[in-house]
Amino acid sequence: MSPIKEPSFRESVDLMFNRAVALMDLPPGLEEKIRVCNATYTVRFGVRLRGQIQTFTGYRSVHSEHMEPVKGGIRFAPSVNQDEVEALAALMTYKCALVEAPFGGSKGGLCIDPRKYDEHELEQITRRFAYELAKRDLIHPSQNVPAPDMGTGEREMAWIADQYARMNTTDINARACVTGKPLNAGGISGRVEATGRGVQYALREFFRDPRDVEKAGLTGSLDGKRVIVQGLGNVGYHAAKFLSEEDGAIIVGIIERDGALYNANGIDVDAVQQWLMKHGGVSGFPDATFTRDGAVVLEEECDILVPAALEGVINLQNAANVKAPLIIEAANGPITAGADDILRKKGTVIIPDMYANAGGVTVSYFEWVKNLSHIRFGRMQRRQEESRHQLVVDELEKISAALGGQYTLTDGFKQKYLKGAGELELVRSGLDDTMRIAYQSMRDVWHERADVEDLRTAAYLVSIDKVAASYRAKGL
Ligand code: NAD
């Protein structure tokens, strides 16, 4: 535990919010209305397990209902508490506004260590929690739509969707009550990878503008950049995999629960993930140096640091020692408000959580739309697009033959061009577009306003402006 007093997670979010609103001209009272969390429901429920009743505590917090439904993940972790859930719900409000996903902000959590229960027990617990929330409309397609977060994934979302459907047998939109479901239970292609994919798209957009790259004291592109990732779960694994496989980044460090791996020549992300699945930790992995005190590796030399596990990992204790010139907050709240001050003064560029991990809610939005429209994306257009492209290819081949076959289309080009976009391609395209546009909106503020020093403040300015506009439109 840190001997230095730091604000709580929720206080940290409020401090960052306050820093941004001080630069805005909001009508009196509206600032307070946006900042406060509307409601937090606490539930304690019992489940009979292993011959006795065990009591669990869960939360669902609704930060802002300026748009409905409200949206936000459900976390399963022993450390879940009201302060954390409220901080995460607030971040959801700002995140949805920033990426223009038409939702208010919410978040839920259950105090549980999921690794201590078998699958059947977890199903009983999850269904009971879902029942408690659904009967109060805290799970509902038009009121409150959860998604996965730490400790939960597709499996839990499928149980929640089924529980809601059992309680609402005539609701034709029942599947839209939760996102992040498996494909065969109303999910969407590309949701599992979405948050990590979003981190990749965010970094690509960052590296598209040399002014931004220069602010971080870096040069060139993602190719060859040394990356350290903390947390090889859903978000960290996908981000590290895509950055190394598709952009040429070198994953030099991986920090997990039991310690960290380091190899300056690069670490094979898939091999570590398989090791982690099999052994429950990274220790013993053969092709890297293992350090028991994983947090120390946050302070190693690298170009890009990707905290993708927990909140508060970069704090007053270690911020001054963090050497990475660029940090992308794949996790929610990994940098405390105090650490943020220290890093900002050092010139570290931070791509903030509310933007960096918004890929998840963006694709959740697409899934919700798919559920409400009851049709897979691309189903109507794909073959029509392919036949139109075939027309072009046929025509070009005729011209090529008329010119004596001197110019021909390559097979690679034809294969790519003739393939119509299916759901996965459309989801990735929508996600890429969203991540680019949201980044550009932050970048404009960052570069154009002399009083905005960092991307986090820029992100708050853009998103609070949108939330405020929506309150004004409602007449509040
Ligand atoms: P996850 O449960 O899939 O993975 C978390 C990983 O972190 C696990 O591999 C775990 O072993 C590791 N970890 C736990 N404690 C650690 C520690 N002390 N040091 C190092 N590693 C540790 O969770 P996730 O869904 O990948 O979420 C990670 C973060 O991303 C959270 O902050 C979450 O709120 C945020 N996030 C997730 C999503 C999503 O779609 N899943 C979307 C937006 C934001």
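Taking θ as phi - 60° and the Karplus parameters 6.51, -1.76 and 1.60, the scalar couplings of region 359-374 work out to x, x, 6, 5, 6, 4, 4, 4, 5, 4, 5, 4, 5, 6, 8, 6 Hz in sequence order, x denoting glycine and proline. Here the Karplus curve 6.51 cos²θ - 1.76 cosθ + 1.60, taken at θ = phi - 60°, turns the phi angles of region 255-264 into couplings of 10, 10, 3, 8, x, 10, 10, 9, 8, 4 Hz, with x standing for Gly and Pro.
Between residue 142 and residue 277, residue separation times 0.36 nm minus the direct Cα-Cα distance comes to 44.9 nm.
Between residue 52 and residue 341, residue separation times 0.36 nm minus the direct Cα-Cα distance comes to 99.1 nm. Applying the Karplus relation 6.51 cos²θ - 1.76 cosθ + 1.60 with θ = phi - 60° to region 163-175 yields 3J(HN,Hα) values of 4, 5, 4, 5, 8, 9, 5, 9, 7, 5, 9, 3, 4 Hz, where x marks Gly and Pro. Of all accessible surface on region 39-185 at a 1.4 Å probe, what whole percent is carbon and sulfur? Ligands and nucleic acids excluded, carbon and sulfur reach 45 percent.
If you average the C-alpha positions of region 187-233 and of region 309-323 separately, how far apart do those two centres end up, in angstrom? Each part reduced to its Cα centre gives a spacing of 20 Å.
Rolling a 1.4 angstrom probe over region 283-351 with all protein chains present gives an accessible area of which 49% lies on carbon and sulfur atoms. The modelled label-to-label distance between residue 5 and residue 380, using points 7 Å beyond Cα along the C-beta direction, is 6.0 nm.
Taking amide H atoms as placed 1.01 Å from N in the peptide plane, the amide H of residue 181 lies under 5 Å from those of 188, each 5 or more residues away in sequence or on another chain. Solvent-accessible area per residue in region 194-359 equals 36 Å², computed with a 1.4 angstrom probe and all protein chains kept. Note: relative contact order over the chain, using C-alpha pairs below 8 Å and six or more positions apart, is 15 percent. Both numbers refer to the Cα atoms of region 39-185; Rg and Dmax are 14.3, 48 Å. Listed peptides 358-368, 166-176 appear in the order 358-368, 166-176 once ranked by packing, highest mean of other Cβ atoms within 10 Å at the front.
Checking the cross-link filter: which aspartates and glutamates have an alpha carbon closer than 16 Å to that of residue 241, excluding same-chain neighbours under 8 positions apart? Cross-link targets: 193, 223, 256, 268, 270. Using the Cβ-Cβ distance between residue 407 and residue 219 with R0 set to 56 Å, the FRET efficiency works out to roughly 0.90. For region 4-77, the solvent-accessible area with a 1.4 angstrom probe is 46 square angstrom per residue. Loop-located trypsin sites (Lys or Arg not before Pro) across region 382-476 with a Cβ neighbour count of 15 or fewer within 10 Å are 419, 449, with loop assigned by DSSP.
A straight Cα-to-Cα reach below 25 Å connects residue 346 with the lysines 5, 215, 225, 323, residues fewer than 8 places away in its own chain not being considered.
Among the trypsin sites (Lys or Arg not before Pro) within region 1-98, those in coil by DSSP and having at most 13 neighbouring Cβ atoms inside 10 Å are 5, 50.
The values are calculated or read from the model by the stated rules, or taken from the named source; none is laboratory data. As the structure is a prediction and not an experimental result, all values here were calculated from the model. A quick note on method: Cβ atoms are made from the backbone with ideal geometry, for glycine too, and the neighbour counts reach across all protein chains shown. Accessible surface areas use protein heavy atoms only, side chains included; no ligands, DNA or RNA. Shrake-Rupley method; radii C 1.70, N 1.55, O 1.52, S 1.80 Å.
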